[in-house]
1. Within segment 72-83, is even one residue under 30 Å from Thr161 (Cα atoms), surrounded by fewer than 20 Cβ atoms within 10 Å (Cβ to Cβ) and of a type in the set (Val, Ile, Thr)?
2. Specify which of the listed residues (Ser177, Ser202) is open to solvent by 30 Å² or more (accessible area, probe 1.4 Å), on the phi < 0 side of the Ramachandran plot and in contact with a His (Cβ under 8 Å, 6 or more places away or on another chain).
3. Would you check which residues across segment 127-144 are in contact (Cβ under 8 Å) with a residue 12 or more places away in the chain and open to solvent by 40 Å² or more (accessible area, probe 1.4 Å) and list them?
4. Between a first residue in segment 15-27 that is farther than 17 Å from Met124 by Cα and part of a helix (DSSP H, G or I) and a second residue that is open to solvent by less than 20 Å² (accessible area, probe 1.4 Å) and not basic (Lys, Arg), which pairs have beta carbons less than 8 Å apart while being 6 or more apart in sequence or on different chains?
5. Just to be sure I understand the filter: pairs with C-beta atoms under 9 Å, separated by 6 or more residues or on different chains, first member in segment 50-77 and more than 17 Å from Glu99 (Cβ to Cβ), second member basic (Lys, Arg) and open to solvent by 70 Å² or more (accessible area, probe 1.4 Å). Which pairs pass?
6. Going by what's in this entry, would Leu171 be described as modelled with pLDDT of 95 or more, within 28 Å of Val225 (Cα to Cα) and in a loop (DSSP other than H, G, I, E, B)?
7. Which residues, taken from segment 156-169, are open to solvent by less than 70 Å² (accessible area, probe 1.4 Å) and within 26 Å of the chain's Cα centre (by Cα)?
8. Are any residues in segment 180-199 in contact with a Lys or Arg (Cβ under 6 Å, 6 or more places away or on another chain) and open to solvent by less than 10 Å² (accessible area, probe 1.4 Å), and if so, which ones?
Amino acid sequence: MGRGPTEKYYIEMNDDYVEGSLTCLKQEVIEREINTDFPLVLNIEPTNDCNLRCTFCPRDQTVAMQGTHYLPLATFQRIVDEAVDYQQLIMLNLHKDGESLLHRELPEMIDYAKKRNVAKTVHMNTNGTLLHTDTAKAILTAGIDDVTVSIDAATAGTYRTLKQSRGFDHLDRSVESFIDYRNKIGGHTTIRVKIMEFDQVSEEEIEAFRTRWTGVADQVQVTGVHTWSGAITDLEITDETSPTRYPCAILWYALAVNCNGKVSICNLDWNYSGVVGDLAQQSLHQIWNGLPMRKIRQAHLDGDWGCVSACKECVVWVSVGDMLPHLRARNEFLPVARIENEKLSLVQG
C-alpha cells in the first residue's frame, strides 16, 4: 500500500520503510541491501478466503479465477527454511487477498517463523473481525511482531457502506480486547489501526478515527486508496501519485507467495497476471533469478508499464521514489546477466 495524499498523516512505522507505508522501502535500504540471492521482503498468503465483501477489494474476482485455497503448514515451513538459508528478511508479511485469521494454523506459522528468526519483522494485516478468537490470541502468544487492523471507518454507517457489514461495534470491541490481551500477557506486538482516505470519508471522520484510537492502539495509520490497477472501476485514487512514471523498485526487493503456491511479483497482483513461478516446480531463489522476473524488471526500465496488467495503472510504486539510474545500473537483476551466465556455463561445461 502506498501513502495517501495528506502528508500530515505520515508516520514512521518501521525504520526501513518510508513514512506512511509498510510496502515501500527507503531508497537507501534498497541500494544497500538488494541482492540476487533472495528478496528482502516476502509476502506469504495463508489463505485467500475472507469473511467480508469490501467494495474496494477485487478478491471475489480472484477467487472466481483461482478458487479458494489454504496454504499447507508444511509449504510455509519449507519457504521459511529456504529464506533462512540465504539471509534474514527485512519483513515477512502474512497476508495478500484474504483474511489470514481464517487459517487455523496461522499461530503455528508465526511460531515457526519466529523460532527460525526468518525476518526482522513478522507482520500481518487483518480486517479485525476475528480478533476476539482463540486464533488471534494465539498469534500474540506466538510472538508476532506487528499487526495492522484495517478498520477503515469511524462510524457504523461508513463501515457498512465500505465493508458491507453491520459489525462495526463488534469490531471496535474486538480490537480493544486484542490490545488488552497483548498487555495481559506482556507481549511486544505493535498493534496499529488503519483508515483510508476514500473520497466518501470526510476529513472530520478521519480526525474522529485518529482521536478514537490515539493512545489506545500503538499507531494510527492513514493511507490512500488505489484501484488495483483499474480492477475497481468506481473508486477514486487517493494514493500518492506522480506526473512522471518510473520503474517500480518493489520488483527489485519483494515477492508474493499466493496460497496455491504460485509466486507473484507483488501483493498487488490480484489477478495473477504477474505470476513468475510455482513452488511446486521451483525454489524461491530460482524464481527470484528466473527469466520471467528479470524480463518484467527490464520492461519497467524500458517504460513498458503494460507488461503486466497489474502494473499498468498501479500507483503504489510512487512512494518509493524514482530510482531509475540505480536500478538500470544493477545488471545482475536483468535478462542480460542471466543470458551471459548461461553462456559462461556452456563454455565452462
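1. No, there is no match, as no residue in segment 72-83 is under 30 Å from Thr161 (Cα atoms), surrounded by fewer than 20 Cβ atoms within 10 Å (Cβ to Cβ) and of a type in the set (Val, Ile, Thr).
2. Ser177
3. His132, Lys137, Thr141
4. Gln27/Ala249; Gln27/Val320; Gln27/Gly321; Gln27/Met323
5. From segment 50-77, the pairs are Gln77/Arg116.
6. The answer is no for Leu171.
7. Within segment 156-169, the subset open to solvent by less than 70 Å² (accessible area, probe 1.4 Å) is 156-159, 162-163, 165, 167-168.
Residues satisfying the conditions are Thr158, Tyr159, Leu162, Lys163, Ser165, Gly167, Phe168.
8. The answer is Thr189, and nothing else.
The values are calculated or read from the model by the stated rules, or taken from the named source; none is laboratory data. Bear in mind that the values here come from a model prediction, so they are computed numbers and not experimental data. Glycine gets a Cβ as well: all are built from the backbone with ideal geometry, and neighbour counts include every protein chain shown. Keep in mind that these areas ignore ligands, DNA and RNA; they rest on the heavy atoms of the full protein, side chains included. Shrake-Rupley method; radii C 1.70, N 1.55, O 1.52, S 1.80 Å.
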